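What follows is a set of notes on a single structure, which appears directly below.
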Amino acid sequence: MTDDLKLNMDAYLPLRDVVFNTLREAILKEDLKPGERLMEQQLAVKLGVSRTPIREAIRMLEQEGLAITTPRKGAEVAHMTLKDMEDVLQIREALEDLAVRIACQRINDEQIERLKVIADKFEDLTKTGNVKALAECDVEFHDVVYDAADNPKLMNLLNNLREQLYRYRVEYLKNADVYPSLIKEHEEIVNALAAHNVEMATGYIHVHVENQEVAVKQIIEKQEIKK
């Protein structure tokens, strides 16, 4: 286990969320490697907390696909697998298609302007190399589209999926070479929504998701080779 693991305290969050965010960041930065054991007692001592928030945080990591618990072995950092990635992105593509179709009919001028502001913010962030901020900004962009669809049940499904998507979104954004394409894709999606053009908007959202799938697939295949 890395010696750099330290609790990222936040006075506004419950302790379990602080522990979760700390472990999540360590996994995404690969300070905690795939296959590495997540032993409650060891982590509790390392972070200076009791075992209860550690246990709760590990359950939250499992919901995001970042950890896995097996009988008689306990919890460990999950490996990314092609099957998991394909399954999650397949569902995302179908739900995003539906969200965009509905949003095309319902989106208003204020939401279009909000998308433009977020797209500009994303472009500015690509110059900083702050992957976490980029991921959060990308989530913010898609949330405006979901809000425009104005379908609470669909929003709930997409929010549940977001946790499982987070790891793949971060892995994708670690590669600065994809930034120009992402900036262009965001612009195209905004323009298509502003024109209320369903065919264009859904076409761009499919390209957006498929490009992520291709890039993350290459990352996973490289990791498989290293095993």
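Observations
- Condition broken by M155, with the remaining ones in (1) under 30 Å from V19 (Cβ atoms); (2) crowded, with 17+ Cβ neighbours inside 10 Å; (3) of a type in the set (A, V, I, L, M, F, W, C) satisfied: (2)
- Helices (runs of 4 or more DSSP H) (entirely within the stretch 1-82) containing at least 3 residues that are more than 18 Å from K132 (Cβ to Cβ) and either open to solvent by 80 Å² or more (accessible area, probe 1.4 Å) or modelled with pLDDT under 95 (or both): 40-47, 51-63
- Residues in the stretch 212-227 that are open to solvent by 80 Å² or more (accessible area, probe 1.4 Å) and not charged (D, E, K, R) were compared, and the one that is farthest from Y168 (Cα to Cα) is I225.
- Filtered residue count, the stretch 98-145, keeping only those that are outside any helix (DSSP H, G or I), within 13 Å of A195 (Cα to Cα) and open to solvent by 20 Å² or more (accessible area, probe 1.4 Å): 1
- Of all residues making up the stretch 83-97, the number that are open to solvent by less than 70 Å² (accessible area, probe 1.4 Å) and farther than 18 Å from D138 by Cβ: 3
- The single condition among (1) over 12 Å from the mean Cα position of the chain (by Cα); (2) of a type in the set (F, W, Y); (3) open to solvent by less than 20 Å² (accessible area, probe 1.4 Å) that Y168 does not meet is (1).
- Residues in the stretch 179-211 that are under 22 Å from A133 (Cα atoms), of a type outside the set (D, E) and open to solvent by 10 Å² or more (accessible area, probe 1.4 Å): 6 in all.
The values are calculated or read from the model by the stated rules, or taken from the named source; none is laboratory data. Computed from a prediction, not measured in an experiment: that's the story for all the values here. All Cβ positions, even for glycine, are placed from backbone atoms using ideal geometry, and neighbour counts span all protein chains on display. For accessibility, only protein heavy atoms count, side chains too; no ligands or nucleic acids. Shrake-Rupley method; radii C 1.70, N 1.55, O 1.52, S 1.80 Å.
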